[in-house]
Amino acid sequence: MASNPPSKCCVVGFRHEGEPTGSMTKVADKWDAYIAKPSDSQKKSGKALLFLPDIIGIWQNSKLMADQLAAQGYLTLVLDIFNGDPLPLNRTDDFDFMAWMTKGSTGNNPHTKEAVDPIVQAAIKALKEQYGATKIGALGYCFGAKSLVRHMSTTAPFTGIDVGFIAHPSFVDEKELAAINGPLSIAAAETDSIFPAEKRHKSEEILKEKGLPYQINLYSQVVHGFAMRADLTKKQEKFAREQAFAQAVSWFDEYLE
């Protein structure tokens, strides 16, 4: 595995201040999504971003980040890959993550790849057919990174994402990473039991072997989740979060052509 399964650190963090300016919508008349649209003067025609969130799902921080991406000219769709069953921020210590992943909170709403893949594929279809995207970039945070990597391949139906950015990824298999067919940028935390040094180095080996453009940036003095749930009152965390965002935007500006 190129990164370890999720754990408690995947729900720990801070809520950011601001007022989201996008709107809620539906994908395939079934799954929730948040859409942030750029102004006509800033819009990058034919380009769109699919935002695959951490296990907090569509919430304050992911909405604000989507708005920031729209301000850079990218129509951005934040997708509820959990079928209405995300986890709250700072969940209690005794929570069983693996039971939630395999069965969901109700026991009949799993969050396995078999359950999540159709949601992602429906969103890619919507971006193309409903929003006119001819090139799709994607951002994957923690849990969302796996779905992103899975849909950067050339094997149908796991296609449609042309360029990817992932931050503190979890649950990504080595074979999935080896199957990508486009540029991939990774933002990693210095302290991260889910994507530790040995997993970063293995990912680097895989990406180097692929021969495609890749980037792995390591941010010091931060932990898993920093790119989405950083404590913005702490200078180093705020800086790392802002730099990871800039990393994503510059990656799409360069490669989403």
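The values are calculated or read from the model by the stated rules, or taken from the named source; none is laboratory data. None of these values were measured; they are calculated from a predicted model. Here the Cβ positions follow ideal geometry from the backbone for every residue, glycine too, while neighbour counts run over all protein chains shown. Keep in mind that these areas ignore ligands, DNA and RNA; they rest on the heavy atoms of the full protein, side chains included. Shrake-Rupley method; radii C 1.70, N 1.55, O 1.52, S 1.80 Å.
Structure data summary
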| item | result |
| --- | --- |
| Solvent-accessible area, 1.4 Å probe, carbon plus sulfur percent, for the chain | 48 percent |
| Theoretical ellipticity at 222 nm over the chain - DSSP helices of four or more residues, -39500 (n - 2.57) apiece, nearest 500 | -10500 deg cm²/dmol |
| P(r), alpha carbons of the stretch 133-231 - 5 Å bins starting at zero, rounded % | 3, 14, 26, 27, 17, 9, 4, 1 |
| Test item: Cα-centred dipole of the chain, Lys/Arg +1 and Asp/Glu -1 on Cβ, debye | 260 debye |
| Leading residue at positive end of dipole, the chain (Cβ point charges), from 98, 132, 24 | 132 |
| Cα extents of the stretch 86-129 along the three principal axes, largest first (Å) | 43, 21, 14 |
| Whole-angstrom gap from the stretch 154-176 to the stretch 94-150, using each part's C-alpha centre | 11 Å |
| Alpha-carbon spread of the stretch 183-222, three principal axes, descending order, Å | 30, 15, 11 |
| Cα convex hull volume per residue for the chain (Å³) | 117 Å³ |
| Antiparallel bridges, percent of DSSP beta bridges restricted to the chain (to nearest 5) | 25 percent |
| Heavy-atom accessible area per residue - the stretch 120-257, 1.4 Å, Å² | 42 Å² |
| Dimensionless Rg/Rh of the stretch 67-159 - Kirkwood Rh, Rg from C-alpha atoms | 1.01 |
| Descending Cα extents along the principal axes, the stretch 51-121, whole Å | 40, 29, 14 |
